[in-house]
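Trainee: Before I ask anything, here is the structure I am working with.
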Amino acid sequence: MRNNIIHPGADELTYEIREIVKVGNQIAKTGVDIIWENIGDPVAKGEKVPEWIKDIVADTVKNDNLSYGYSPTAGLLETREYIAKERNLEGGAQIIPDDILFFNGLGDAIATIYNYLNREARVLGPNPAYSTHSSAEAAHAGSRHITYNLNPDNNWYPDIKDMREKIIKHPEISAILIVNPDNPTGMVYSQDVIKQVVDIAKEFDLFIISDEIYSNLFYGGSVHNKLASVIGDTPGMALRGISKEFPWPGARCGWVEFYNRDKDEKFARYAKTIMDAKMMEVCATTLPQKVLPKVMGDDRYYPYLAQRTAKYWEKSQAAYAVFSKIPQLKVNLTKGAFYMTVVFKDGVLKDGQFLKPLNEKAAEIIKPLLKTELLDKQFAYHLLASRGICVVPLSSGFNSDLYGFRITLLETDMNKFKLIINTIADAIKEYIFSK
Ligand SMILES: Cc1ncc(COP(=O)(O)O)c(C=O)c1O
């Protein structure tokens, strides 16, 4: 090429959650049955979308000709009206339909949000991080994502002191990202924690991005507090979607709620840029928007979610009971979303630790990959080749300084779930004492 056509942020785009699948698929070809613990798709893990939701979708497809057409750029008015009404009934920040913008899944929203932010402006994000955010933010700036720590010794809550220090150290930070309930830690933040984040944002004149895609998936006595409940007059946005809730990730449907656009001119202009960018694409997918108020407004919706979250809670406790018995690990009972993050304490992982692969070919596949310096990645490859279980390493998968891995709480067969957890726990014990 006569010119450099490479985007400055090209090297920042990584998505280990799917990258590790390539290795898993290679190992599967050697005759190993892989248990996919890497991807947060309830449907892929066997959860059944209820018949009544399918009936609503089928009925809409059959009888609503407009579901085949484009929708307005921001999204269908009737759907935005429904969302705004529900939001306002909960109290806190009040919105109008024009404060809502639909996307083709939150992945699309996330890409757009960072893409159209001034290149010099940075968003401070959690560590560990959901990599779509951290990669997109880093790619937008052409430089490593700046993070604040989530503390495994304090329920994975944000380390507010660290957050404040990073904001002072990096004047280019213009926003704070929180993911609540969190992926990968499964933690739900108390209202007080969110309020502290809002207070910092206010003090330093920043806006807040709150990814609330799991907002209706909480359990174990926790309550989900939305950003809107404490945001006051600070500018911000909440990100929501139906991928995890319905669950219908294949619909590619998510939306952004903007708060307090009228309180800050620059924030209002930035929000308008995002809306204008969406206009270039015409609109987001129409069908899921058509269906959304009918599903969420149905009397069966919340009881259905309660039934699902009760099962996540059961699995969270079962996994916690097993992992918390291993003194070399740090683990927290998760209270939201459907993940659990297990951390290896400092110094536990070492180069050269080993698990015997299931066959020679699997050993050959992982051999070159074990050269990585990331010790939790080495563990993940060993686990894959020796037990056929695919987890996501924390360091490369979630932009983390800690070594560990994420599993999901999605396995629908409780006996199989317990077997998976016990197999991982046995593998950990064998691995850490192998050298
Ligand atoms: C925290 C978080 N945000 C956003 C997304 C993207 O969701 P989607 O693009 O399916 O709407 C995910 C998916 O796993 C997620 O975990």
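What follows is calculated from the coordinates using simple rules that are stated; it is not laboratory data. Everything quoted here is computed from the prediction, not taken from an experiment. Please note: Cβ atoms are built from the backbone with ideal geometry, for glycine as well, and neighbour counts cover all protein chains shown.
Trainee: Principal axes first, then extents: for the Cα atoms of segment 218-283, list largest minus smallest coordinate on each axis, whole Å, largest first.
Mentor: Result, largest extent first: 41, 32, 9 Å.
Trainee: Using Stokes-Einstein with the Kirkwood hydrodynamic radius over Cα pairs, what translational diffusion coefficient do you get for segment 29-127 at 4 °C and a viscosity of 1.567 mPa s, in µm²/s rounded to a whole number? Let's see the in-between values first.
Mentor: Working: Rh = 18.0 Å.
Result for D is 72 µm²/s.
Trainee: Full-extension gain between ALA44 and ASN88, please, as 0.36 nm times their residue separation minus the C-alpha to C-alpha distance. Let's see the in-between values first.
Mentor: Values: separation 44, 0.36 × 44 = 15.84 nm, distance 3.40 nm.
Residue separation times 0.36 nm, minus the Cα-Cα distance, leaves 12.4 nm.
Trainee: Against the longest principal axis of the chain, how steep is helix 265-280, in degrees 0 to 90 to the nearest 10, with axes from Cα atoms?
Mentor: In the chain, helix 265-280 runs at an angle near 80 degrees to the longest axis.
Trainee: Let me ask you something else. Using alpha carbons only, what's the Rg to Rh ratio of segment 51-296 with Rh from Kirkwood? Please list the in-between numbers first.
Mentor: On the way: Rg = 17.6 Å, Rh = 18.4 Å.
Computed over Cα atoms, the ratio is 0.96.
Trainee: Okay, next question. Modelling each spin label as a point 7 Å along the Cα-to-Cβ direction, I'd like the LYS429/PHE354 distance in nm, to one decimal.
Mentor: 2.1 nm
Trainee: Using a 10 Å cut-off around each Cβ, can you sort HIS145, HIS170 from fewest to most neighbouring Cβ atoms? The partial results should precede the final answer.
Mentor: Working: HIS145 24, HIS170 12.
The fewest-first ordering by Cβ neighbours comes to HIS170, HIS145.
Trainee: Taking N as the number of residues in the chain, what is its Cα Rg relative to 2.2 N^0.38 Å?
Mentor: Working: Rg = 21.8 Å, N = 435, 2.2 N^0.38 = 22.1 Å.
Its radius of gyration relative to the 2.2 N^0.38 Å reference: 0.98.
Trainee: Sort MET163, MET340 so the one with the fewest other Cβ atoms within 10 Å of its own Cβ comes first. Numbers along the way, then the final one.
Mentor: Values: MET163 22, MET340 25.
Fewest-to-most ranking of MET163, MET340: MET163, MET340.
Trainee: Among rounded, prolate and oblate, which fits segment 334-416 when a ≥ b ≥ c are the square roots of the eigenvalues of its C-alpha gyration tensor, a/c under 1.5 means rounded, and a/b larger than b/c means prolate? Spell out each step's value before the answer.
Mentor: Working: a/c = 2.28, a/b = 1.25, b/c = 1.82.
It comes out oblate by the Cα gyration axes.
Trainee: Taking the mean number of other Cβ atoms within 10 Å as a proxy for protection, how do you rank 222-232, 128-138 from highest to lowest?
Mentor: Working: 222-232: 19.4, 128-138: 24.9.
Ranked by mean Cβ neighbours within 10 Å, highest first: 128-138, 222-232.
Trainee: Suppose the chain between ASN4 and LEU66 were pulled fully straight at 0.36 nm per residue; how much longer would it get relative to their current alpha carbon spacing? Walk me through the intermediate numbers first.
Mentor: Values: separation 62, 0.36 × 62 = 22.32 nm, distance 4.48 nm.
Roughly 17.8 nm would be gained on extension.
Trainee: I would also like to ask the following. Just for the Cα atoms in segment 112-189, what are the lengths along the principal axes, largest first, rounded to whole Å?
Mentor: Cα extents, longest axis first: 34, 25, 16 Å.
Trainee: Sequence gap at least 6, Cα distance under 8 Å: using those rules, report the relative contact order of the chain to the nearest whole percent.
Mentor: Values: 795 pairs, mean separation 97.3, N = 435.
Dividing the mean separation by the residue count of the chain yields 22 percent.
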